[in-house]
Amino acid sequence: MDPKSWWVYMVQTQGGRLYTGITTDTKRRFKEHCEGGKLGARFFRTDPAYAMVFVEAQPDRSAASKREFAMKKLTRQQKWELVEACSADRKETKRTKV
């Protein structure tokens with residue numbers, strides 16, 4: 001992961017809800033959400049983080065923020081379709097890389 005890259009991500013909660021955010025370090029951010037406390041999003045206080053289900057690279061913070069805003073406007077079904085499409089792309093990539 002390029003340290004200067006920005007990422008848009010979605011985290012699924014244990015209850016099945018989706019949280020969308022941006023970060024420069026997806027592993028660190030997911031850990032913060034899981035641990036709670038001051039660094040994790042308030043969203044996870046009542047429904048703990050379960051899995052990071054979507055990650056998408058963006059060239060800069062501005063692009064990441066715009067993409068996050070657009071994704072937050074999507075319906076729940078549209079978000080899950082995006083997650084499924086991303087998962088299918090990753091599986092295909094893994095199969096083609098040797």
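Derivation of every value follows stated rules applied to the coordinates shown; laboratory data play no part. None of these values were measured; they are calculated from a predicted model. Reconstructed Cβ throughout: ideal geometry from the backbone, glycine too, with neighbour counts over all protein chains shown.
A few remarks follow.
- The mean sequence separation of alpha-carbon pairs under 8 Å and at least six residues apart, normalised by the residue count of the stretch 6-96, gives a relative contact order of 32 percent.
- With Cα atoms, 0 to 90° folded angle of helix 61-72 axis to the chain main axis: 80 degrees
- Averaging 1/r over every pair of different alpha carbons in the stretch 6-96 and inverting the result gives a Kirkwood radius of 13.6 Å.
- Its DSSP H runs of at least 4 residues, each contributing -39,500 (n - 2.57), put the calculated 222 nm mean residue ellipticity of the chain at -14000 deg cm²/dmol, to the nearest 500.
- 3J(HN,Hα) from dihedral phi, the stretch 29-41, Karplus parametrisation 6.51/-1.76/1.60, rounded to Hz, x for glycine, proline: 5, 5, 4, 4, 5, 5, 7, x, x, 5, 7, x, 5
- Degrees, to the nearest 10: 76-96 long Cα axis against longest axis of the chain: 40 degrees
- Of Glu32, Glu81, the sequence from fewest to most neighbouring Cβ atoms within 10 angstrom is Glu81, Glu32.
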